[in-house]
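The values are calculated or read from the model by the stated rules, or taken from the named source; none is laboratory data. Source: prediction; values computed, not measured. Every residue, glycine among them, receives a Cβ derived from its backbone with ideal geometry; neighbour counts consider all protein chains shown. Side chains are part of the model used for accessible areas, which takes the heavy atoms of the whole protein and leaves out ligands, DNA and RNA. Shrake-Rupley method; radii C 1.70, N 1.55, O 1.52, S 1.80 Å.
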Amino acid sequence: MPLSPPPPLGERMLPAGSYDGQVVMVTGGGTGLGKAIALEFARLGAKMAIVSRTEANWRQGVDAIKAIGGTVAGAHLDVRDPASVTACFDEIEAALGPVNVLINNAAGNFEVPSDRMSPNAWRTVTDIVLNGTFYCAREFALRRLAKKEGGAILNIGAPYAATGGPGTSHSAAAKGGINNLTWSLAVEWAPDNIRINTLAPGFFPERDRSSHSVEAGGSAANLDAQIATRLKTIPAGRVGSARELGWLSTFLCSPYANYMTGHVIVLDGANWLRRWHSTPFEEIRDSYDRRRAQAAATAGSN
Amino acid sequence: MALAASYPQGTPMLAADVFAGQVAVITEANDPIGQAIAAELSRGGAKVVPLEVDVRDAAAVKRAFDAIEAANGPISILVNHFANRADAPVEVMSVEAWQDITHRVLDGTFNTCRELGLRRIADGRPATVVNGGTPYDITGGAGRAAAVAAGAGVMNLTKSLAVEWAPYDIRVNGIAPGYVAGSEAGPVSEGDLAVTVPGGRLCEPHEVAWFVAYMCCPFAAYLTGHTFVLDGASWQRPGRSPPLFEPIRDRYDAALKG
């Protein structure tokens, strides 16, 4: 018996118009969880900025928001490049006005045992996840400070930031850095009414994700098989629905949560609280190779 | 310079029928935080009943649940709220004081959670629990060792119960507010407390209540095992230039004299 299903897609949690007149920027908001979060802000009246590295991606988010009648602009952003971050904020500001809420959702990740990880792989993931989050937060705060106005930042983190992530040590270290950055910036910017929190989702299957799958051998094509396997491991007995992240995001960035800053919220159906003392331990290299081989065999038989 | 004020007390956040037909119980409902939580759950349509019982006594808790459910129907929301407690440095704390506080906060939370869990697992109805705490439950709190040790136990119990009861659709979460307006009994004025908070102001009781309402509502159906810290970023401060350290006994003695 699982946790109750969430209310249906399209239901608003906060009062209609809660984000009227506000500009909300979502990095990596063209696909997957970022797009789902953006849709919930749009439903509450926000003017949305969907920014990502490839136009093909941000166009998907722009189209999705237009489809529900929202106001939206899209722009190019490479979070690894501070000049691109500045240019992106300029472009969005010209199109929609100053950004009031920033969702740092852009990320990159793939599973690889650390002894086989190239320095370039390490640099790429930490550049996107940790450095990109800092560049965007900094650009946002500089502009808010210049206008003497407050704002809210929400970073998308990961439950394994707290525990370590064997097999994805680059992402885990970067996400751990995001948690720590959240605490530092919350204290630094609280006097300026700029709040910053981090939302760490558990397993929220993304059917339209554009990036690499975390699971070795995982792909959008075998997502149903991944869900079936993961269902047996999650105390909640069900996976998360992206709109649940959206509802929590709209709450955290709203005036109802004006006293909350510097907090890391884990939304994962209690999964990271499980202790694995009765789970067989398998070396990450072995499990990586085994799952890669399984995926290859499955692909070959199709 | 401070975090902006939230919406005024009484501003609706969730739909007026979000808790329609649900029965909520809350311990120690009479202080400003308890009253605000009760008001917010009522605003969402819940029937809110104060749980007026010695929570240290499991048999008495059972009788109280029996009486409330006989009058109102099955309880689906439980809020374990404890008002601020006077405490003392450990070396002057009596064993009895330690036991009284930890029995109320930790054992009491266990007793009410267990009573609710037994009932809802038996009848298959979903339920949500919110356990109160403070940021000191994470950091330790000199001068209030008993309450925060018990609170740390509650925070840990919240996590264990979340995993144990997720299969029965019973969600267990927590709320740990920092300084809350109208609830700080100590000798320091609220204005002097506010300047110690990076957020520059105290938390309002209705801000706590909105978080409790969110945790109990269906939009949070995947949230369990989590404790929200709502303290204007106070507990993250490592304190590069804090006021001079004052041994807890000196502060305690000064407060007694004052």
Go through B:180, B:153, B:126 and say which Cα lies farthest out towards the positive end of the charge dipole of the stretch B:23-257; charges sit on Cβ, +1 for Lys and Arg, -1 for Asp and Glu. B:126
Determine which lysines satisfy two conditions relative to residue B:47: a Cα distance under 25 Å, and not lying fewer than 8 residues away in the same chain. B:62
If I model the stretch B:158-221 as equal point scatterers sitting on the Cα atoms and use the Debye formula, what is log10 I(q)/I(0) at q = 0.27 Å⁻¹? -1.11
Using +1 at the C-beta of Lys and Arg and -1 at the C-beta of Asp and Glu, which of B:50, A:94, B:93 has the Cα lying farthest in the positive direction of the dipole of the protein assembly as shown? A:94
With all protein chains present, calculate the accessible area of residue B:110 using a 1.4 Å probe and round the result to the nearest 10 Å². 100
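Give me the net charge for the shell around residue A:259: Cβ to Cβ below 13 angstrom, other residues only, Lys and Arg +1, Asp and Glu -1.
-1
From Cα pairs below 8 angstrom and at least 6 apart in sequence, can you work out the relative contact order of chain B, rounded to a whole percent?
22
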Carbon plus sulfur, as percent of the 1.4 Å-probe accessible area of the stretch B:120-182, comes to 55
Measuring from centroid to centroid over Cα atoms, what is the spacing of the stretch B:55-71 and the stretch B:128-184 in Å? 22
Taking the Cβ of residue B:119 as the centre, find all other residues whose Cβ is under 9 Å away and add up their charges (Lys, Arg: +1; Asp, Glu: -1). -1
Relative contact order of chain A, pairs being alpha-carbon contacts under 8 Å that are 6 or more residues apart, as %: 19
For the full complex of protein chains and a 1.4 angstrom probe, list A:139, A:55 by accessible area with the highest value first. A:55, A:139
Gyration tensor (alpha-carbon) shape descriptor, the stretch B:8-133, a/c threshold 1.5: oblate
Using alpha-carbon positions, the gyration tensor of the protein assembly as shown gives root eigenvalues a ≥ b ≥ c; with a/c under 1.5 called rounded, otherwise prolate if a/b exceeds b/c, else oblate, the class is prolate
Net charge near residue A:125 (other residues with Cβ under 15 Å of its Cβ; Lys, Arg +1; Asp, Glu -1) is +2
Please name whichever of A:156, A:9, A:44 sits farthest to the positive end of the charge dipole of the protein assembly as shown, dipole taken about the Cα centre and charges placed at Cβ: Lys and Arg +1, Asp and Glu -1. A:9
Highest mean packing first, using Cβ neighbours within 10 angstrom, the peptides A:189-198, A:253-262 sort as A:253-262, A:189-198
Counting partner chain Cβ atoms within 10 Å of every residue's Cβ in A:43-50, what's the average? 0
How well do other chains shield peptide A:235-243, expressed as the mean number of their Cβ atoms within 10 Å of each residue Cβ? 4
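What average number of partner chain Cβ atoms lie no more than 10 Å from the Cβ of the residues making up B:161-171?
5
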Only Lys, Arg, Asp and Glu count, each charged at its Cβ (+1, +1, -1, -1), so figure out the dipole size of the stretch B:23-257 about its Cα centre, rounded to 20 debye. 500
Output row A,B: buried area (accessible, probe 1.4 Å, summed both chains) in Å², nearest hundred, equals 4200
What Kirkwood Rh does chain B have if only Cα atoms enter the pairwise 1/r average? Answer in Å. 19.0
Cα centre as origin, Lys/Arg/Asp/Glu Cβ charges: the protein assembly as shown dipole, Debye: 1000
Considering only protein heavy atoms, what per residue accessible area in square angstrom results for the stretch B:1-148 with a 1.4 angstrom probe? 44
Sorted by accessible area (1.4 Å probe), largest first, how do B:31, B:100 line up? B:100, B:31
